[in-house]
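The values are calculated or read from the model by the stated rules, or taken from the named source; none is laboratory data. This structure is a prediction, so every number in the text was calculated from the model and none was measured. Here the Cβ is made from the backbone with ideal geometry for all residues, glycine too, and neighbour counts use every protein chain on show. Quick note on the areas: whole protein, heavy atoms, side chains included, nothing else; ligands and nucleic acids left out. Shrake-Rupley method; radii C 1.70, N 1.55, O 1.52, S 1.80 Å.
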Amino acid sequence: NAGVTQTPKFQVLKTGQSMTLQCAQDMNHNSMYWYRQDPGMGLRLIYYSASEGTTDKGEVPNGYNVSRLNKREFSLRLESAAPSQTSVYFCASSDLITGHTYEQYFGPGTRLTVT
Amino acid sequence: QKEVEQNSGPLSVPEGAIASLNCTYSDRGSQSFFWYRQYSGKSPELIMFIYSNGDKEDGRFTAQLNKASQYVSLLIRDSQPSDSATYLCAVNKSGGYNKLIFGAGTRLAVHP
């Protein structure tokens, strides 16, 4: 199993350009997530999808859109990139460990720089 | 007040010592608590989770939870240089079992 995969690994954009970050998981998980990680701020949830066909906003959704294409794939789109969106983006999916406790598995991340 | 707070460190300990990492949280309804390890340039990986008050041990790692004090800790015994990483505390949001709130992380440096 590849687990959670993300493409691309690195990307440089100019202000105003658009792009889509791709994420796929092969673990048959229902829930998927997009986070951004900035120095000194930990991981912040952008959007999540509890199950195929549903998406919800997280803590920092402004400037982003998502698509849950099917159970495996969850993409993140930046319509008009801004320097404030320079960050490392992680995709994750989750599985039930026990009771109400879910473990999140993370992809390798995408390093995005907006100039 | 941040929802999940951690001391950013760095916490420097000698090889073989016990490293103690602490985390406080604000949501009293949170039920599950996680410690993730993140090496520089890599993605987070789960090392421990706990949901009952008290201690939970797994090898050299012990997670401690005190819900009354809203406090979670991670002890690493016999610390090794390979334990040098950033440790992220995460707490599930009450009412949203699948949603986690992460602290900013504590950087641990184990020196030989």
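Some points to look at:
- Selection count where residues are more than 16 Å from B:Gln6 (Cα to Cα) and in a strand (DSSP E or B), scope the range B:16-62: 13
- Counted residues, the range B:12-57 - those being more than 27 Å from A:Gly107 (Cα to Cα) and either open to solvent by less than 60 Å² (accessible area, probe 1.4 Å) or polar (S, T, N, Q) (or both): 12
- Entry remark, the range A:29-57: residues being surrounded by fewer than 18 Cβ atoms within 10 Å (Cβ to Cβ) and among the small types (Gly, Ala, Ser) number 3 in total.
- If you go through the range A:81-112 and keep only what is exposed (fewer than 14 other Cβ atoms within 10 Å of the Cβ) and within 10 Å of another protein chain (Cβ to nearest Cβ), you end up with A:Thr98, A:Gly99, A:His100.
- Members of the range B:71-102 found to be at pLDDT 95 or above and not in a strand (DSSP E or B), listed by number: B:Arg77, B:Asp78, B:Ser79, B:Gln80, B:Pro81, B:Ser82, B:Asp83, B:Ser84
- The range B:79-103 - residue that is among the polar types (S, T, N, Q) and over 16 Å from B:Pro14 (Cα atoms) and, of those, nearest to the other protein chains (Cβ to nearest Cβ): B:Asn98
- In the condition set (1) modelled with pLDDT of 95 or more; (2) outside any strand (DSSP E or B); (3) in contact with a strand residue (DSSP E or B) (Cβ under 9 Å, 6 or more places away or on another chain), B:Arg107 is compliant with all but (2).
- Matching residues, the range A:70-80, being in a loop (DSSP other than H, G, I, E, B), touching a strand residue (DSSP E or B) at 6+ places or on another chain (Cβ under 8 Å) and surrounded by 14 or more Cβ atoms within 10 Å (Cβ to Cβ): A:Arg72
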